[in-house]
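Report on the structure given below.
The values are calculated or read from the model by the stated rules, or taken from the named source; none is laboratory data. Small disclaimer: the values here were computed from a predicted structure and weren't measured. Every residue, glycine as well, gets a Cβ built from its backbone with ideal geometry; the counts of neighbours run over all protein chains shown. Each accessible area value is taken on the protein alone, full model and side chains, heavy atoms only, with ligands, DNA and RNA left out. Shrake-Rupley method; radii C 1.70, N 1.55, O 1.52, S 1.80 Å.
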Amino acid sequence: VKSPHVMHAKTGIATYGRYSDIRPEIDIVRDSEHLKALAMIPILYEGELVSLMNLASHTTNTIPKSTKTALELLAMHVGTALIRVRSQDELRKSETRFRAIFNSAFHFIALLTPEGIVQEINETALSFFSTSREEVVGKPLMESPFLNTSEEYRERFQQAVSQVLDDTYIRREIK
């Protein structure tokens, strides 16, 4: 069950007033700190409640209008920042999952730019060819140790890359 304060915060409307009027029930913090005014400002992102900022005053029974405006502006920025942090956290988790799958594959996998420059390569390929990521990433795949083979093999590989660049999905084992 959600508290009435949270339910009200979901409307996006801030609450300002005497602490004892907003929270008339026994409040140990209010009473021990002698808090007079309370501000409860919803932190929204795209209309959804993501947090609730609670501020109290020891010195005044009311929150001045200029302070209310500043607090609501701050809440708007905090909401955007909270979502950015959450998004970055989700991106990190996704990256970790991708790396776990990418690097545990038994096949050689490389991500290339349309020009054939290696953006990423999995550990399987690096281990098999006894090379480091630094020796491969950022360089043309055609110049890598993986393609240091026959001219026929290099031509078949170049043909496969051309098909991918033409938006043709391919799955091919090159031997």
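Among the residues of segment 102-120, are any open to solvent by 80 Å² or more (accessible area, probe 1.4 Å) and either of a type in the set (A, V, I, L, M, F, W, C) or in contact with a Lys or Arg (Cβ under 7 Å, 6 or more places away or on another chain) (or both)?
yes
Please pick out the residue among T96, T69, T62 that is in a loop (DSSP other than H, G, I, E, B) and open to solvent by 70 Å² or more (accessible area, probe 1.4 Å).
T62 is the lone residue from the list that is in a loop (DSSP other than H, G, I, E, B) and open to solvent by 70 Å² or more (accessible area, probe 1.4 Å).
Out of I28, I83, I43, which single residue is of a type outside the set (G, A, S), modelled with pLDDT of 90 or more and out of contact with any helix residue (DSSP H, G or I) (no Cβ under 7 Å at 6 or more places or on another chain)?
When all the criteria are applied, what remains is I83.
Just name the residue that is least open to solvent (accessible area, probe 1.4 Å) out of those in segment 25-56 that are in a helix (DSSP H, G or I) and of a type outside the set (A, V, I, L, M). Spell out how you get there, then give the answer.
Initial filter on segment 25-56 (in a helix (DSSP H, G or I)): 28-33.
Right, trim to of a type outside the set (A, V, I, L, M) and you get 30-33.
On the way: R30: 25, D31: 78, S32: 75, E33: 92 Å².
Residue satisfying both the conditions and the ranking: R30.
Can you pull out every residue in segment 72-93 that is over 30 Å from G17 (Cβ atoms) and either of a type in the set (S, T, Y) or open to solvent by 60 Å² or more (accessible area, probe 1.4 Å) (or both)?
The answer is R84, V85, R86, S87, Q88, E90, L91, R92, K93.
Answer yes or no as to whether L44 is closer than 26 Å to L82 by Cβ and without any contact (Cβ under 8 Å) to a residue 24 or more places away in the chain.
Spelling it out, it is not the case that L44 is closer than 26 Å to L82 by Cβ and without any contact (Cβ under 8 Å) to a residue 24 or more places away in the chain.
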